[in-house]
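The numbers here are math on the coordinates, done by the rules we state, and not lab data. This is a predicted model, so every value here is computed, not measured. Here Cβ is always computed from backbone atoms with ideal geometry, including for glycine, and neighbour counts include all displayed protein chains.
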């Protein structure tokens, strides 16, 4: 038997050595750390090097909850530390042999990859009494300590195991003691008691390794001592006036529960209330959801404390005792100066103001309101959201809880905000004037836009007018050039071609006379040539007269049109008739010239394109003015309906516009067309 025991011990010893060798294969050059304080003295960078650790320590806290992280704290003669990694099930007070490596941790260094051997039992370390100021430094992290405080609340959280969470007010701060108990029971009698709790101090921190708060973990009621029990009947204590809270008193029980009574003026989603007492009003913060509504008469048990501006009651229990009358529930009518005095902080008030802006968030409706020279906000919780957003510049009357906002100097009011209970707390007194600043700016912007468009349009029209004037000037110059060329050609025909043809006709006449006696067989040919020359001379003179209407300047428009009719019949062998019942009596020779050439162009177009048998030129006076008609019985003129009329039609239109006349083209039902120029 002894041999077997020694064999078993040897196997276990060598297994331990092999495990240690596997654990530290590449760290033989790092010093072995043998107490907790050596580990805590490492910087995060040094702890990251994985120093080997072997020490003896006492388990101060162990918990392995279902679905939660395993927690193990140990402490030796030097200090306490947190262990991370898989370990066997342990109990508080066990003495263990611990091997592992250092780890930088998330706040302080710790030991990871533990190998644990239970050596037996040991007494827990001595717990020194620490104040909140000592704990909040972070130096007591993972240490077995004792704290003393007033119980603010004691409850089991939903879904948790037998872990009692006790909220303690310790001096200038608060912490939570989490105590593992054997079975769940009602610990509400602890509230307002003074207790001492021994346990492991743990820290709350962020991703930057910065301390945010502290908690205490312990196991068993053996580590809890009730130093001063709470009053057995808390609601039987004497009532404190609202205005007396947090005031100077040499005999007061600072930090303990008080009782106040009053009327609920605001219900904040079950987690806080505003209560109006006989002397002032205050904010009541509750630990559990309450169902009291505005108008209920209540008694409140809670712990007084400083708020943002005035005293508040925290961790409260609320008990409804009845209803209040409407007179005690009506708001105080105040102005801006009265509201800024701070006298009505946390009380129900009524104030008038003009809406500057309305906005929405995921949980609130927010009105920015101006009263006198001060701007404040009115807030309505989302469940009571307004049906319609109030238009800006509306004059409204608001009823709500006045919440003071302190300035840079403590307790000096800077502004306030109103907590509205429902849309019924908003009364529209006056709709905004239509002529608002926004509309004025929009109208000014519209007027500026119209002015810019008008200026642009004027520039465009001016450019178009300039182009049109230039176009008309060019057309006028073309007509002037055309007129000069016509006169030159007419003069050249009359003085040159006609004279040459006349000389040839004279010679031909002499030849004709000689051949009549000497060569009768050639006489007829010479005579025929003479006749053709005479006809050519006549046609040339007619063309010259058409190009240069001499009779227009001498005898007027009627004579020129009559000659145009005669020359057309003679030259083109088309019957052309001119008719004028009343004398035109045009004093302006320029107008007469344009009318003549309009008729000339119309006749020429008819001869070229319509192949008519008859052409009629009518000149008559009517009540509307002078009318010139040129009509033919030929084919329909394509230029009348064409999208791209010829140059002749353009010139005719321009001549008509120049003298202020209108030009029209009408097709006849049986063929041909007529041109009508109305002056």
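Some observations on this one:
- Cα long-axis angle, helix 557-572 against the chain (0 to 90 degrees, to the nearest 10): 80
- Descending by average beta-carbon neighbour count within 10 Å, the peptides 170-179, 192-201 line up as 192-201, 170-179, the highest first.
- A simple packing score, the average count of other Cβ atoms within 10 Å per residue, orders the peptides 437-448, 301-312 as 301-312, 437-448, with the highest score first.
- With neighbours defined as other Cβ atoms within 10 Å of a residue's Cβ, the residues 598, 136 order from fewest to most as 136, 598.
- Protection proxy ranking, highest mean first, for peptides 520-532, 449-461, 346-358, 150-162: 346-358, 150-162, 520-532, 449-461, where packing is the per-residue count of other beta-carbon atoms within 10 Å, averaged.
- Mean projected area in nm² (Cα convex hull; one quarter of hull surface) for the chain: 74.5
- Spacing of the two label points (7 Å from each Cα toward its C-beta) at residue 539 and residue 620, in nm: 3.5
- When only Cα pairs below 8 angstrom with a gap of at least 6 residues are kept, the chain shows a relative contact order of 5 percent.
- Global form of region 128-228, assessed from the alpha-carbon gyration tensor, a/c cut-off 1.5: prolate
- Rounded to 5, the percent of DSSP beta bridges in the chain classed as antiparallel: 85
- Using alpha-carbon coordinates, inclination of helix 437-492 to the longest axis of the chain, degrees: 20
- Nearest 10 degrees, 0 to 90: helix 589-605 Cα axis against the chain principal axis: 90
- Evaluated at q = 0.20, 0.21 Å⁻¹: base-10 log I(q)/I(0), Debye formula over Cα of region 60-166: -1.28, -1.34
- Fewest-first sequence of 609, 319, 594 by Cβ atoms within 10 Å of each Cβ: 319, 609, 594
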